[in-house]
1. Does Glu184 satisfy the condition of being touching a Lys or Arg at 6+ places or on another chain (Cβ under 8 Å) and either of a type outside the set (Gly, Ala, Ser) or at pLDDT below 95 (or both)?
2. Based on what the data block shows, is Phe205 among the aromatic types (Phe, Trp, Tyr), assigned to a loop (DSSP other than H, G, I, E, B) and assigned by TED's automatic domain parsing to the domain that holds Met32?
3. Name the residues in the range 53-67 that are among the hydroxyl-bearing types (Ser, Thr, Tyr) and either buried (at least 24 other Cβ atoms within 10 Å of the Cβ) or assigned to a helix (DSSP H, G or I) (or both), would you?
4. From the list Phe296, Phe345, Phe339, which one is under 29 Å from Ala38 (Cβ atoms), touching a Cys at 6+ places or on another chain (Cβ under 6 Å) and outside the structural domain of Glu83 (by TED's automatic domain parsing)?
5. Can you give me the number of residues within the range 280-323 that are within 22 Å of Gln426 (Cβ to Cβ), touching a helix residue (DSSP H, G or I) at 6+ places or on another chain (Cβ under 7 Å) and not charged (D, E, K, R)?
6. Filtering the range 295-307 down to residues that are touching a strand residue (DSSP E or B) at 6+ places or on another chain (Cβ under 9 Å) and part of a helix (DSSP H, G or I), which residue is surrounded by the fewest Cβ atoms within 10 Å (Cβ to Cβ)?
7. Being more than 23 Å from Val128 (Cβ to Cβ) and either touching a helix residue (DSSP H, G or I) at 6+ places or on another chain (Cβ under 8 Å) or among the polar types (S, T, N, Q) (or both) is the filter here, so list the residues in the range 219-264 that pass it.
8. Could you say whether any residue in the range 12-24 is of a type outside the set (Val, Ile, Thr), crowded, with 24+ Cβ neighbours inside 10 Å and touching a residue at least 40 places away in the same chain (Cβ under 8 Å)?
Amino acid sequence: MNTTSILAGFVNRIQFDDIPEDIVKECKRLLMDSIGCALAGTFTQKGRIALAFAKGFGFPSEATVIGSEEKASVPVASFANGELFNAMDYDALCAPSGHITPYVLSAPLAMAECKNVHGKDLITAIAVSHEIAQRITSGLVIPDRLSRTTTETGISICLPIHGYGVNIFGSIAGVGKILGLSVEKIAHAFGIGGSMCPVPTLMQFAQGIPGSMTKFSPSGWIAQAGVTAALLAQMGYTGAGDVLDGEFAFWKSFAADGWDPGIVVSDIGRAWFFSGAVGYKEYPCCGAMQGALDIFCAIIDKFYIQPQDIREVNVALNLLAELALWKNMEIENHIDAQFSTAYVFAAAAHRIPAGRKWQEEETYRAPEIKEFMKRINIFTPASPYYGERRAVVEVVVKEKNSTSETRYTEKDAGHAMAVMDDKQLQEKFRKNASPMLSPEKIEQALKAILSLEELDDVSRLMGLFQVAPTET
């Protein structure tokens, strides 16, 4: 069995009509959410640097840099938009590894605009890019020494093993589909991408304070490398056509402890790993806190609890909360703000609207936020308080004119994040886009995305996200 060839063959032959209806719908939802996150991400320091980088390397003008009046070459636009998608850590999560979309969407989106392809072609590219990334990720075996934590943390535990660089294969798949590459050239592109893939540095990031903009792996670089690999293969540049196979296969050089190609190719083209594997974030922070934040906000809203009335908040989370960035109490930048458990609960306690304001310096340096963070106690499975293997939140409220206290305790239903229906996801898009786009443009964009399979030219959609300085 040649895993590389099987995956390349799948990318080459799959057509829009082969994609199940639920996958088509999810592709449009992911596109909507990602573009909204990118527009909001332009207000972060990481996002502003991505925009400035693209402006400095704009020629030729092939693809839109979201939230800018500039266009750039496909590789540069892929970099900038990939960075913007993940700038706020507000993007969707996909099982089994978590962040996939910023790495695999940006490059095919830029190439689709450049080639003026039909909306159906973009949907197909989005579907195969995610499917390939999820399948290859699933084939990387988690070592026995982490089997205990696998149950306790779900998808999160995969990350220290292989990082996010593996998503480069999804990026290549999406661009290869847009370009109509042959099976052989897709296989070569996979080989080129495997040699470009960065080493896993996720744990260095997770244990480093202050947080760095590279994060788990720079999503912009993976997107740019993916499109570069596909373009090189199209031109005849060769890579290892069996990069996922043999004694010296990709996984061996990528700090993984094993590889199961049987999982990777199982029922490919018939069953989709992509199906039912996507969750969307209501809050701009790490997915580990999403369910607990839902519980906390429900408690304080139900009982009209104000920050000054709260004595302490006890939060039980998975093992990620034991890592340095999650325990961090000194917020120095917007990356820190995305991962500090105490900080995000302080922002929620003060009812700061979930969105870009959570990551503004004015918010994370506010004295009342810093003071409230001291009242947050975090527990993990290593603690007796944790109890069941799901999020638990206890809000301890001091009674007025009394030394007594009241405790409000709730557990989540086992979901990492709230399930967002179409209406909720559209409202998230409107909220993220509203500082950048007029209400008319927002509704135009929503209409175009929701009927993407009817759009004759993707550039018509992307033109809506070119923003002149006067519009902001």
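1. Numbers: touching a Lys or Arg at 6+ places or on another chain (Cβ under 8 Å): no; either of a type outside the set (Gly, Ala, Ser) or at pLDDT below 95 (or both): yes.
No.
2. Values: among the aromatic types (Phe, Trp, Tyr): yes; assigned to a loop (DSSP other than H, G, I, E, B): no; assigned by TED's automatic domain parsing to the domain that holds Met32: yes.
It is false that Phe205 is among the aromatic types (Phe, Trp, Tyr), assigned to a loop (DSSP other than H, G, I, E, B) and assigned by TED's automatic domain parsing to the domain that holds Met32.
3. Just the residues of the range 53-67 that are among the hydroxyl-bearing types (Ser, Thr, Tyr), to begin with: 61, 64.
Across the range 53-67, the qualifying residue is only Thr64.
4. On the way: Phe296 fails: touching a Cys at 6+ places or on another chain (Cβ under 6 Å); Phe345 fails: touching a Cys at 6+ places or on another chain (Cβ under 6 Å).
Result of the check over Phe296, Phe345, Phe339: Phe339.
5. Adding up the residues that qualify gives 6.
6. Looking only at the range 295-307, we keep the residues that are touching a strand residue (DSSP E or B) at 6+ places or on another chain (Cβ under 9 Å), and these are 295-296, 298-300, 302-303, 305.
From what is left, the residues that are part of a helix (DSSP H, G or I) are 295-296, 298-300, 302.
Numbers: Ile295: 21, Phe296: 25, Ala298: 13, Ile299: 18, Ile300: 22, Lys302: 10.
Among them, the one singled out is Lys302.
7. Result: Ser253, Ala255, Asp257, Gly258.
8. Our first condition is that a residue be of a type outside the set (Val, Ile, Thr); within the range 12-24, this holds for 12-13, 15-18, 20-22.
Still in the running and crowded, with 24+ Cβ neighbours inside 10 Å: none.
Checked against the condition, which is being of a type outside the set (Val, Ile, Thr), crowded, with 24+ Cβ neighbours inside 10 Å and touching a residue at least 40 places away in the same chain (Cβ under 8 Å), the range 12-24 yields no hits at all.
The values are calculated or read from the model by the stated rules, or taken from the named source; none is laboratory data. Computed from a predicted model, the values in this text were never measured in an experiment. All Cβ positions, glycine included, derive from the backbone under ideal geometry; neighbour counts span all protein chains shown.
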